[in-house]
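Asker: Take a look at the following structure, please.
The values are calculated or read from the model by the stated rules, or taken from the named source; none is laboratory data. Small disclaimer: the values here were computed from a predicted structure and weren't measured. Methodologically, a virtual Cβ is constructed for each residue, glycine included, from the backbone with ideal geometry; neighbour enumeration extends over all protein chains shown.
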Amino acid sequence: MTFVVTSNCQRCRFTDCVVVCPVDCFHGDAEMLYIDPDECIDCAACVPECPVDAIYDEAELPDHESRWLAINANRAASLPVVSEKVEPLPTAQARKQQLGF
Ligand code: SF4
Ligand code: SF4
């Protein structure tokens, strides 16, 4: 089992989630974050921290977001760990409003 970052994180990347992760399993690129399924301990601490509800338990992943399970595993394996909060992307506030949050 793992938790999965999904499409709402794209162009957002608020990074509120990384601060609470006890095992530093978030990795990031210029657009969003990804969870390493081999490191995630399923604690769920990150879920309520995300202001755009981007993080799901693998078992509760909606069908339209299912492709993110493999994407998280693939991308996390080759990207650096993000363990400290950084500035959101310049597009973050507009994206958040667009998503209805
Ligand atoms: S808090 Fe949510 S939107 Fe922000 S980086 Fe984490 S998963 Fe992405
Ligand atoms: S569920 Fe826990 S271990 Fe997994 S990414 Fe979220 S905070 Fe980290």
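Asker: Can you tell me which residue is nearest to ligand 1 (Cβ to nearest atom) among those in region 40-96 that are of a type in the set (Ser, Thr, Tyr) and under 21 Å from residue 22 (Cα atoms)?
Answerer: Here the residue is 56.
Asker: List pairs: first residue in region 1-19 and without any contact (Cβ under 8 Å) to a residue 40 or more places away in the chain, second residue of a type in the set (Asp, Glu) anywhere in the structure, Cβ distance under 7 angstrom, at least six positions apart or on different chains.
Answerer: 17/49
Asker: Sticking with this one: Only residues that are part of a loop (DSSP other than H, G, I, E, B) and buried (at least 19 other Cβ atoms within 10 Å of the Cβ): list them for region 24-48, please.
Answerer: Of everything in region 24-48, those that are part of a loop (DSSP other than H, G, I, E, B) and buried (at least 19 other Cβ atoms within 10 Å of the Cβ) turn out to be 25, 32, 36, 37, 40, 46.
Asker: Still on this structure, I have one more. Could you tell me whether any residue of region 69-77 is surrounded by 13 or more Cβ atoms within 10 Å (Cβ to Cβ), modelled with pLDDT of 95 or more and assigned to a loop (DSSP other than H, G, I, E, B)?
Answerer: no
Asker: Okay, moving on. Could you list all residues from region 31-49 that are more than 6 Å from ligand 2 (Cβ to nearest atom) and of a type in the set (Asp, Glu)?
Answerer: Scanning region 31-49 gives 31, 36, 38, 39, 49.
Asker: Separate question: Go through region 1-30 and count every residue that is closer than 17 Å to residue 77 by Cα, modelled with pLDDT of 95 or more and away from ligand 2 (no atom under 11 Å from the Cβ).
Answerer: Going through region 1-30 one residue at a time, the tally reaches 3.
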